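These notes concern the structure reproduced below.
Derivation of every value follows stated rules applied to the coordinates shown; laboratory data play no part. Because the structure is a prediction, the values reported are computed rather than measured. Cβ sites come from the backbone with ideal geometry, for glycine too, and all protein chains shown count toward neighbours.
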């Protein structure tokens, strides 16, 4: 079986959950071959697929534009529209090119997380297409139509593709997504990492007796003033995953995910500071790690994710202004008395998703 798996590069969460599903697929189906098409770094994807054993090919390609980010929290709606309109112009050629690829490569099934153009190509190539996701781009973009009517044609692009999918594997923390004719609810994909606290302490010089806090951001605009605030929190050791790094800053340690996986870093800390996103929410639930979270602007998914994290995690909200200023002390103190979560989310979703995908013909 040859599977083509198209992965949005909007954020690492898409790659994280793809890694979970492909790990289960490659483990359970030893003759499976996968071509992953994405603009996510190949090194990131392979770091989560240690069991590929030559059965994974990674090809560069982008078929959606996500949301253009000003940084890890703020989005640029106008720049996103410009990029989406350019994608609309490229759509006929992208569909033609991918149709040709699917035929020549003798692909048996197409999986998308969650661009729509490859679904159109799959329909033309005569192979089934399955969507995997906790949102669809037509839903994400829907609030912006009132600002600029050109968003309507962008939404139409995604809706036309999504309607041709055979199935949606609907992940936790998702809205209804009625554009898909058929869906299957999938349990939590993420699995707990391995606690490597002593190993990390030896490698970084961090004090294992202090409170360890993971700053889960790809970018975070902290200047000298904010960094001084962080260094003043003497009871904490802070960790980031590269490429985010502040060299030579006391109490802030950058970890290379090639050496210690993100899940293992998360499993080794006491708390996480982040913005709500599918990947980090899933990992925190799987590892039972409390979350301090900042709000996100112009992102329809934020209220839904905030509701879900309150169900499954001990949590504290930090105003984005305080986060950018490095004022973390109050939020960290509040986390000590935050109540336990009211609900538990069952796992095993990667294996469930893998079995569905392996059975598609």
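I'd like the distance separating the alpha-carbon centroids of region 268-334 and region 127-200, in whole Å. Taking the Cα centre of each part, region 268-334 and region 127-200 sit 21 Å apart. Take the alpha carbon gyration tensor of region 95-177, find the square roots of its eigenvalues, order them as a ≥ b ≥ c, and report rounded if a/c is under 1.5; if not, report prolate when a/b exceeds b/c, else oblate. Verdict is oblate for region 95-177. Would you look at the GNM of the chain, springs on alpha carbons closer than 10 Å, and say which of 294, 192, 202 moves the most? Most flexible of the set in this elastic network: 202. As a proxy for reagent exposure, ranking 351, 333, 42 by other Cβ atoms within 10 Å from fewest up yields 333, 42, 351. Listed by Cβ neighbour count within 10 Å, with the fewest neighbours leading, 238, 262 appear as 262, 238. When the alpha-carbon atoms of region 82-233 are used, the pair Rg, Dmax equals 21.8, 61 angstrom.
Once you sort the root eigenvalues of the Cα gyration tensor of region 30-143 as a ≥ b ≥ c, which label holds: rounded (a/c under 1.5), prolate (a/b larger than b/c) or oblate (the other case)? The shape class here is oblate. In terms of surrounding Cβ atoms within a 10 Å radius of their Cβ, 177, 67, 291, 1 rank from fewest to most as 1, 177, 67, 291. Every helix of 4 or more DSSP H residues in the chain counts as -39500 (n - 2.57), and over all residues that averages to -12000 deg cm²/dmol at 222 nm.
For the chain, the share of DSSP beta bridges that are antiparallel, to the nearest 5, is 0%. Axis angle, to the nearest 10 degrees, between helix 151-162 and the longest C-alpha principal axis of the chain: 70 degrees. Would region 277-340 count as rounded, prolate or oblate if I go by the C-alpha gyration tensor, calling it rounded below 1.5 in a/c and otherwise prolate when a/b exceeds b/c, oblate otherwise? Judged from the Cα gyration tensor, region 277-340 comes out oblate (a/c at least 1.5, b/c at or above a/b). Note that region 197-335, at 10 °C in a medium of 1.306 mPa s, gets a Stokes-Einstein diffusion coefficient of 105 µm²/s from its Kirkwood radius over C-alpha pairs.
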